[in-house]
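S.K.: The structure's right below; bear with me while I get my questions together.
The values are calculated or read from the model by the stated rules, or taken from the named source; none is laboratory data. No experiment lies behind these values; they were computed from the predicted model shown. Don't worry about glycine lacking a Cβ; one is built from the backbone with ideal geometry, like all the others, and counts go over all protein chains shown. SASA here: full protein model, heavy atoms, side chains in, ligands and nucleic acids out. Shrake-Rupley method; radii C 1.70, N 1.55, O 1.52, S 1.80 Å.
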Protein chains: 2
Amino acid sequence: MKQIQKKNEGTRFKRTPQRLAILEYLEGNTSHPSAEDIFRVVSKRYQSMSFATVYNTLNTLTRAGELRELTIDPERKRYDPDTSRHHHLICVLCGKIADIPEKIGVELPKDMAEHFVLLGHHIEFYGHCSSCRKKNKAK
Amino acid sequence: MKQIQKKNEGTRFKRTPQRLAILEYLEGNTSHPSAEDIFRVVSKRYQSMSFATVYNTLNTLTRAGELRELTIDPERKRYDPDTSRHHHLICVLCGKIADIPEKIGVELPKDMAEHFVLLGHHIEFYGHCSSCRKKNKAK
DNA sequence: CATAATGCTTAGAATGATTATAATTTATAT
DNA sequence: ATATAAATTATAATCATTCTAAGCATTATG
Ligand SMILES: [Mn+2]
Ligand SMILES: [Mn+2]
Ligand SMILES: [Zn+2]
Ligand SMILES: [Zn+2]
């Protein structure tokens, strides 16, 4: 009894209307939105929604492993509903974050591998996105 | 005249005692300290040092390309005097950040490479550092 | 049904990192 | 020496995020 509760602690949670609204917005969303981005959109539909609820929900989902918290933007956290292994490209001109599929094999140098237990990795690519490239060409 | 000034704008700046104290602390430092880490140490030696000066200096150095600002720690910015291309391993247990030399060839998938202008990349490795590994074994 | 227990939402306060402001000090140029 | 510009300082302001305390909703209990 206690053990089952313990095991699912954090991974099971009530599907409240607010949470569903957030989940629905995130479903398939590849824009890597910030908490504020999410609040702006979801609170429009869901009148009484509080900012605190957005943060609570994001933290709950993250702890439950249903959401990935990205540290790529120095200003704020970004959230990614795609929890599969993949990497990101951030456009240094407009700030957009695009997905990069994980095809790339990356390994720690041997001497490092002996000292560390490697759990995972994330590559941040920096560059110019296609829409910014077009804009630049235009002028 | 104007053009030369323009060119060196941001890259040339006065070597004040405060800045030298910060530079000296950073010289060869591989601990990837935060602004507060730096302030704590440097202000001990340099009495009147203000926190604002630390931030100002770090921003100036970063803009001048003499310092790298790391986004790897979600809580605060970290600073790295090593501006050469290299990657980082962050220990998820103790938070320490270690350097990983750039030996690893990483390329964008072809279809992506056509759309983006790639300027650089940074790999964050997650894992357990050797000292945490030892501690864990001990118990 | 009544009531208690639990978990969620809410508004607003608190926190912590970082930036902005305005006055003062230091360095540089005339 | 006087003016000009740049840097430092203390402090206030800002912004993202977390915390708090009160109320609400849902489920369990009798
Ligand atoms: Mn993604
Ligand atoms: Mn480094
Ligand atoms: Zn762009
Ligand atoms: Zn460690």
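S.K.: Ignoring ligands, DNA and RNA, what percent of the 1.4 Å accessible area of the stretch B:86-138 is carbon and sulfur?
M.R.: Values: 1590 of 2820 Å².
Exposed carbon and sulfur together represent 57 percent of the surface.
S.K.: What figure, in Å² to the nearest 10, do you get for the accessible area of A:Met112 with a 1.4 Å probe and non-protein molecules left out?
M.R.: Approximately 40 Å² for this residue.
S.K.: Among B:Leu26, A:Phe125, A:Ile100, whose Cα lies farthest out toward the positive end of the dipole of the protein assembly as shown, if unit charges sit on the beta carbon of Lys, Arg (+1) and Asp, Glu (-1)?
M.R.: Farthest towards the positive end: B:Leu26.
S.K.: Considering every residue in A:126-132, what mean count of other chain Cβ atoms within 10 Å of its Cβ is obtained? Don't skip to the answer; put the middle values down first.
M.R.: Working: counts 7, 10, 5, 3, 5, 1, 2.
Mean number of neighbouring Cβ atoms from other chains: 5.
S.K.: A further question follows. Determine Rg/Rh for the stretch B:2-80; Rg is computed over alpha-carbon atoms and Rh is the Kirkwood hydrodynamic estimate from the same atoms.
M.R.: 1.00
S.K.: Moving on to the next point. Calculate the mean, over all residues of peptide A:89-102, of how many other protein chain Cβ atoms lie within 10 angstrom of the residue's Cβ.
M.R.: Values: counts 6, 1, 3, 3, 1, 0, 0, 0, 0, 3, 1, 5, 3, 1.
So the per-residue partner count for this stretch is 2.
S.K.: So how strong a dipole does the stretch B:86-138 carry about its Cα centre when Lys and Arg Cβ are +1 and Asp and Glu Cβ are -1, to the nearest 20 debye?
M.R.: On the way: 7 positive and 6 negative charges, 134 e Å.
So the dipole magnitude of the stretch B:86-138 works out to roughly 640 debye.
S.K.: With a 1.4 Å probe and all protein chains kept in place, how do A:Ser31, B:Ser34 rank by accessible area, largest first? Mind showing how you got there, number by number?
M.R.: Working: A:Ser31 60, B:Ser34 5 Å².
Sorted by accessible area, descending: A:Ser31, B:Ser34.
S.K.: At a probe of 1.4 Å, how much accessible area disappears from chains A and B on forming the pair, both sides counted, to the nearest 100 Å²?
M.R.: Working: alone 10290 and 10320 Å², together 17510 Å².
Rounded to the nearest hundred, the buried surface is 3100 Å².
S.K.: In vacuum, with every alpha carbon of the stretch B:86-138 counted as one equal point scatterer, what does the Debye formula give for log10 I(q)/I(0) at q = 0.18, 0.22 Å⁻¹? Two decimals, please.
M.R.: -0.69, -0.83
S.K.: Can I ask one more? Skip the ligands, DNA and RNA, and give the accessible area per residue of chain B with a 1.4 Å probe, whole Å². Spell out each step's value before the answer.
M.R.: Details: 8770 Å² over 139 residues.
For chain B, the per-residue accessible area is 63 Å².
S.K.: Something else now. On the protein heavy atoms, probe 1.4 angstrom, tell me the percent of accessible surface of the stretch A:2-80 carried by carbon and sulfur.
M.R.: On the way: 2430 of 5160 Å².
Using a 1.4 Å probe with all protein chains present, the stretch A:2-80 comes out at 47 percent carbon and sulfur.
S.K.: Give me a single rounded figure for B:74-81: the average over its residues of other chain Cβ atoms within 10 Å of their Cβ. Intermediate results must be reported in sequence, preceding the final value.
M.R.: Details: counts 4, 1, 0, 1, 0, 0, 0, 0.
Partner Cβ neighbours, averaged per residue: 1.
S.K.: Regarding the stretch A:35-86, what is the average projected area of its C-alpha convex hull, in nm²? Write down the numbers at each step before the final one.
M.R.: Values: hull surface 15.6 nm².
Spelled out: convex hull of the Cα atoms, projected over all directions, averaged, 3.9 nm².
S.K.: Where a ≥ b ≥ c are the square roots of the eigenvalues of the C-alpha gyration tensor, would you call the stretch B:35-139 rounded, which needs a/c under 1.5, or, failing that, prolate if a/b is larger than b/c, or oblate?
M.R.: Values: a/c = 2.85, a/b = 1.20, b/c = 2.38.
The shape class here is oblate.
S.K.: Per residue, how big is the convex hull around the C-alpha atoms of the protein assembly as shown? Give it to me in cubic angstrom, could you?
M.R.: Details: hull volume 60.1 nm³, N = 278.
Cα convex hull per residue, to the nearest whole number: 216 Å³.
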